[in-house]
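For reference, the structure is listed below as structure tokens.
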Amino acid sequence: MFNYKTKEKLIGLFFSTTGIMTLLILIGIFAFLFVTGIHTFSEITPTDFFLGEQWNPAAYGEPSWGILSLIIGTLMMAFGSLVMAIPMGLAGAIYLSEIAGTKTRELLKPAIEMIAGIPSVVLGLIGILFLSPLISQVFGLSHGLNALTSSVIVGIMVLPTIISISEDVLTSLPNEFREASLALGATKWQMIRMTLFPAALSGIVAAIMLGLGRAIGETMVVLMVAGNAMAMPTSFFDPVRPMTANIAIEIKEVVTGSLHYEALFAIGLVLFVMTFIVNFISDIIIENRARKYKW
Amino acid sequence: MVSEHSKQKIYFVFFQSTMILSVAILLFVLIFIFYGGAGVVNLNFLVNMWSHREITQGGIFPAIFGTFLLAVGVSVVSIPLGICTAIYLNEYAKENLLTRTIKLAIRNLAGVPSIVYGIFGLAFFALFLKLGGSLIAASLTLGCMTLPWIITASEESLKAVPNSFREGSYALGATKWQTIKTNVLPHSFSGIMTGAILGLSRAMGETAPIIMVGATFFIAHLPSSPFDKFMAMPYHLYILATQHSSPYAREYALGTALVLVALIFMLNLGVFALRYNLRKKKAW
């Protein structure tokens, strides 16, 4: 039988090994992606890759490898979804934290989380069956699979993130802020606008960044309703093919190890770096707030 | 000139109606799925094998079963590893810059798009390890994706246990593991469980990664080993919605969506109940 000291050491060793092993696995994933994706740039110059307007790897003779139209597709869709989700999200957060009563809040918060629980493929289905026919009818288009439709649906997906993080930020503000403002004769709305909002601003930016990260990475919705045409989009009524959708469409058809395969990994790498930076910034902001506002 | 009070009234009505709109969107989605899909959901739909020729003759049992197996696979891969890693990071690792950086990196990994995990799974598990498109490759892929979620959630609930609990235990002469076992884990257990269930329910609805690592629209038999391909509800409804020619495809896609959403919402409701109980009990 072990004595308790050996046992203690073994248990410590067990947790350390599993912990460190898991961390190595997670690092390994991205090392693997990096090695596969970075290979692309030995054959395609980064300028051609990032600034080329044509993505046509299967072209006979001279394939083109520019992902600019894909990046623009992603950015349009992300921008469109935020235009919808930021005002709605902030309004919702202010309502939940400052206006609604406790009972209403207890009821509404799970409902908002439920929206986050709906799988993206189900929202994509709603997009195909309901929203895209509606949009094509309202705007007189031949079909409704375009940047606008996908922006609206992705906006719905991003909404819960923005509401719940901004609401956390607002609720965490000390009551002294509210009381001092009201004591000076401010109305509730003046208090929210002039006292709470400035104090919460960085946290709200963090919430928006997290939402942006989700929008950039969304795959199923855009695959189903963005239209996926390869041409450079000129308006929100054009079909777009964001980076995520492009990977999903092409990865099953490429020859393993070919340049096309590696280029898709390079796109994956771009996505990874974009979302990582966005999440990183929002995390730093939230950490700083937690340290600054220790009340 | 509009007075401050009427301005406030206008804004507050706007905020309230926005909130009502958000809830209305949720209700609309649920009602749309229910209204369109309930017609095809019956016992036959739930327990029969999928019939490829006449989709009205069969059911989605293999897809339900596949999603269930996948959930089991993902839990086996990610829950134990995730919890052990969180215990290591929060209880054993020294609190220094390196640990803080690692925690930050893991939180960020939780936001990496699922499709990125998908191409990794394809390249590494399916092709490099030669697991092919299979249940095990998909479980490992989704497991890797869920891991950062579970670590983050577990770590947060471990961190929420006040340090005085640990100190009190040490003061009585308990060892580190005795302290963790008797004074830390019992108080963070339900928090860890809610994190794990939420992660699992999100993994069950994921579609993009499994497209690449073994989900298939139709197989005639249930998967008999981890190396078989499998059907899964999200992929099933994706194909029905986008690539199927049957006139009934739309209804069947909605029916599948209804079953999937019902399953995920039940898990979510369980989490809410658990969390509600937790908050009532917690007094520190």
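The values are calculated or read from the model by the stated rules, or taken from the named source; none is laboratory data. Quantities reported herein were computed from a predicted structural model and do not represent experimental measurements. Counting neighbours? That spans all protein chains shown, and the Cβs are built from the backbone with ideal geometry, glycine included.
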Can B:Gly118 be described as more than 7 Å from chain A (Cβ to nearest Cβ), in contact (Cβ under 8 Å) with a residue 24 or more places away in the chain, out of contact with any strand residue (DSSP E or B) (no Cβ under 7 Å at 6 or more places or on another chain) and over 25 Å from B:Leu263 (Cβ atoms)? no
In this structure, does B:Gly173 turn out to be out of contact with any Phe, Trp or Tyr (no Cβ under 9 Å at 6 or more places or on another chain) and either not in a helix (DSSP H, G or I) or not assigned by TED's automatic domain parsing to the domain that holds B:Val77 (or both)? yes
Give me the residue from the range B:240-254 that is more than 10 Å from chain A (Cβ to nearest Cβ) and of a type in the set (Ser, Thr, Tyr) and, out of that set, nearest to the chain's Cα centre (by Cα). B:Tyr252
Taking the range A:40-62 and the residues there that are under 17 Å from A:Leu271 (Cβ atoms) and part of a helix (DSSP H, G or I), the one that is nearest to the other protein chains (Cβ to nearest Cβ) would be A:Thr40
Within the range B:46-73, take every residue that is buried (at least 22 other Cβ atoms within 10 Å of the Cβ) and modelled with pLDDT under 90 and give me the one that is nearest to B:Phe230 (Cα to Cα). B:Ile60
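Residue-wise test of (1) surrounded by fewer than 19 Cβ atoms within 10 Å (Cβ to Cβ); (2) in the same structural domain as B:Ser246 (by TED's automatic domain parsing); (3) over 30 Å from B:Gly255 (Cα atoms).
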{"site": "B:Ser6", "(1), (2), (3)": "yes, no, yes"}
{"site": "B:Ile33", "(1), (2), (3)": "no, no, no"}
{"site": "B:Ser75", "(1), (2), (3)": "no, yes, no"}
{"site": "B:Val112", "(1), (2), (3)": "no, yes, yes"}
{"site": "B:Ile119", "(1), (2), (3)": "no, yes, no"}
From B:Ala93, B:Ala86, B:Ala123, B:Ala160, grab the single residue that is more than 10 Å from every other protein chain (Cβ to nearest Cβ) and in contact with a helix residue (DSSP H, G or I) (Cβ under 7 Å, 6 or more places away or on another chain). B:Ala160
Being touching a Phe, Trp or Tyr at 6+ places or on another chain (Cβ under 6 Å), more than 29 Å from A:Val152 (Cβ to Cβ) and in contact (Cβ under 8 Å) with a residue 12 or more places away in the chain is true for just one of B:Ile102, B:Ile106, B:Ile87, B:Ile64. Which residue is that? B:Ile87
Being over 18 Å from A:Leu90 (Cβ atoms) and either of a type in the set (A, V, I, L, M) or outside the structural domain of A:Pro110 (by TED's automatic domain parsing) (or both) is the filter; apply it to the range A:168-199 and report the residue that is surrounded by the fewest Cβ atoms within 10 Å (Cβ to Cβ). A:Ala183
Condition (residue is in a helix (DSSP H, G or I) and within 14 Å of chain A (Cβ to nearest Cβ)) applied to the range B:38-45: is it met by at least one residue? no
Could you please give the count of residues in the range A:8-36 that are closer than 27 Å to B:Ala126 by Cα and more than 9 Å from chain B (Cβ to nearest Cβ)? 4
Residues of the range A:255-279 satisfying the condition of being more than 10 Å from chain B (Cβ to nearest Cβ) and part of a loop (DSSP other than H, G, I, E, B): A:Val255, A:Ser258
What are the residue pairs meeting all of these: first residue in the range A:262-288, first residue closer than 18 Å to A:Ile165 by Cα, second residue surrounded by fewer than 20 Cβ atoms within 10 Å (Cβ to Cβ) and modelled with pLDDT of 90 or more, Cβ atoms under 8 Å, and 6 or more apart or on different chains? A:Ser282/A:Val205; A:Ile285/A:Ser202; A:Ile285/A:Val205; A:Asn288/A:Ser202
Residues located in the range A:107-127, provided they are buried (at least 22 other Cβ atoms within 10 Å of the Cβ) and of a type in the set (A, V, I, L, M, F, W, C): A:Ile112, A:Ile118, A:Val121, A:Val122, A:Leu123, A:Leu125, A:Ile126
Tell me which residues, restricted to the range A:113-147, are of a type outside the set (Gly, Ala, Ser), within 17 Å of the chain's Cα centre (by Cα) and in a helix (DSSP H, G or I). A:Glu113, A:Ile115, A:Val121, A:Leu123
Write out, first by first residue and then by second, each pair whose Cβ atoms fall under 7 Å of each other, whose residues are 6+ apart or on separate chains, and whose first residue, in the range B:211-239, is more than 14 Å from chain A (Cβ to nearest Cβ) and more than 19 Å from B:Leu263 (Cβ to Cβ) while the second is part of a loop (DSSP other than H, G, I, E, B) and aromatic (Phe, Trp, Tyr). B:Phe218/B:Trp50
Hey, among A:Ile25, A:Ile72, A:Ile20, A:Ile44, which residue is in contact with a Cys (Cβ under 9 Å, 6 or more places away or on another chain) and either of a type outside the set (A, V, I, L, M, F, W, C) or surrounded by 12 or more Cβ atoms within 10 Å (Cβ to Cβ) (or both)? A:Ile25
Going through the range A:128-141 one residue at a time, which ones are in contact (Cβ under 8 Å) with a residue 40 or more places away in the chain, surrounded by fewer than 23 Cβ atoms within 10 Å (Cβ to Cβ) and touching a Leu at 6+ places or on another chain (Cβ under 7 Å)? none
